[in-house]
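Data first, discussion second: the structure below is written as structure tokens.
The values are calculated or read from the model by the stated rules, or taken from the named source; none is laboratory data. Keep in mind that this is a model prediction, so the values were computed, not measured. Ideal geometry is used to build each Cβ from the backbone, glycine not excepted, and the neighbour counts take in all protein chains shown.
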Amino acid sequence: MEHEPLQTDEVVLYIVEDDEELAEETPLSVEEIEEEVVIKQENNFKVYPNPTTGHVRVEVNTAVESLMITSITGERIGSISMIGKTTEQFDLSNYPTGAYFFSFVNEGNMTTKKVIVVR
């Protein structure tokens, strides 16, 4: 598919999955691109059930170096290597109710999911 040269100073970017073709030439705004990137990153990490009474399962579908769990006060609950892993389970039932943050780290990037512990 050939693209006509841009007639203005704007930059036109397209987000295309590896296995799909560019169906139409619709320019995306910076906000749309940022939103698409965030959605794709969030879909790489699952933490459930949420809320939970204590037991939490983590699933990743992208390479992750480590996972760090912190409380809402910033206290480090735990940190583990996720190299070569796609699933892991945690038991937060001995911790107080409240919010906990599961931070996935890879190549200097961090994605964080919030989990609520209830009783």
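A few comments on the model shown:
- Of all residues in region 76-119, those that are in contact with a His (Cβ under 9 Å, 6 or more places away or on another chain) and either among the hydrophobic types (A, V, I, L, M, F, W, C) or farther than 13 Å from Thr52 by Cα (or both) total 2.
Quick grid of which residues meet (1) farther than 13 Å from Arg57 by Cα; (2) assigned to a strand (DSSP E or B); (3) basic (Lys, Arg):
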residue: Ile69; (1), (2), (3): no, yes, no
residue: Lys85; (1), (2), (3): no, no, yes
residue: Phe90; (1), (2), (3): no, yes, no
residue: Pro96; (1), (2), (3): yes, no, no
residue: Tyr100; (1), (2), (3): yes, yes, no
residue: Arg119; (1), (2), (3): yes, no, yes
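- Residue ID - farthest from Met110 (Cα to Cα), chosen from residues in region 49-67 that are charged (D, E, K, R) and part of a strand (DSSP E or B): Arg57
- Selection count, region 15-48, where residues are in a loop (DSSP other than H, G, I, E, B), surrounded by 11 or more Cβ atoms within 10 Å (Cβ to Cβ) and modelled with pLDDT of 55 or more: 3
- Some residue of region 103-112 being part of a loop (DSSP other than H, G, I, E, B), exposed (fewer than 12 other Cβ atoms within 10 Å of the Cβ), touching a residue at least 12 places away in the same chain (Cβ under 8 Å) and out of contact with any helix residue (DSSP H, G or I) (no Cβ under 6 Å at 6 or more places or on another chain): yes
- Taking each residue of region 74-86 that is farther than 18 Å from Phe45 by Cα and without any contact (Cβ under 8 Å) to a residue 60 or more places away in the chain and looking for partners that are surrounded by 10 or more Cβ atoms within 10 Å (Cβ to Cβ) and small (Gly, Ala, Ser) with beta-carbon atoms closer than 8 Å, six or more apart or interchain, yields Ile77/Ser71.
- Output for region 48-102, where each listed residue is among the β-branched types (Val, Ile, Thr) and farther than 14 Å from Thr112 by Cα: Thr52, Thr53, Val56, Thr62, Thr73, Ile77, Ile80, Ile83, Thr86, Thr87, Thr97
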